[in-house]
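The values are calculated or read from the model by the stated rules, or taken from the named source; none is laboratory data. None of the values given here were measured: they were computed from a predicted structure. Cβ: placed from backbone, ideal geometry, glycine included. Neighbour counts: every protein chain shown.
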Amino acid sequence: MVATYIAIIFSFCFHNTVFAQIRIEPKPPVKRSVEVEKAREQTRWMYKNLSLEPDQYEKVSATNLLYAYKSDSVEKIKSKDLKTQSLKILKESKEDQMKKILTEQQYKQYIAHKEKQTSQKKSPFTGTYLGN
């Protein structure tokens, strides 16, 4: 009889620890695209180096993420010519949006940084070198 009570108590304790472990396991990290990560890096760089106002920061962040998601969609296009043309249009559209959000001086700094990094074959805003 005592052995039965001990077995019941043991199984109850063991059962609860298993459920407790299941409940506290962390969720797997959400996979983010490379474009989204680049957009977040770009936003951080712009905040740090362009002295963005809070409302500018919100708009820049939203714009960078929007165009990152659009770029991800374009990357799925099979036709290389169509993909290149679509990415060019997206880039121009994004630059137009940035021009509206940033002051003239901020926009000049933004463009100068992008051109400098591109001429050095670095990925703008991340500091990593592009493959040959």
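A compact table of results
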item: Pair list, Cβ under 8 Å, 6 or more apart: the stretch 32-44 residue touching a residue at least 24 places away in the same chain (Cβ under 8 Å) and within 15 Å of Lys70 (Cβ to Cβ), other residue among the aliphatic types (A, V, I, L, M) and in a helix (DSSP H, G or I); result: Ser33/Ala68; Glu35/Ala68; Val36/Leu65; Val36/Ala68; Lys38/Ala68; Ala39/Leu65; Ala39/Ala68
item: Unique residue being assigned to a helix (DSSP H, G or I), of a type in the set (A, V, I, L, M), surrounded by 13 or more Cβ atoms within 10 Å (Cβ to Cβ) and at pLDDT below 90 when the list is Val60, Val74; result: Val74
item: Any hit, the stretch 99-118, residues being outside any helix (DSSP H, G or I), modelled with pLDDT of 90 or more and more than 20 Å from the chain's Cα centre (by Cα); result: yes
item: Meets criteria (modelled with pLDDT under 90 and surrounded by fewer than 10 Cβ atoms within 10 Å (Cβ to Cβ)) for Arg32; result: no
item: Of all residues making up the stretch 92-117, the number that are closer than 12 Å to Tyr67 by Cα and in contact (Cβ under 8 Å) with a residue 24 or more places away in the chain; result: 4
item: Residue among Lys94, Lys88 that is over 17 Å from Tyr110 (Cα atoms), modelled with pLDDT of 90 or more and in a helix (DSSP H, G or I); result: Lys88
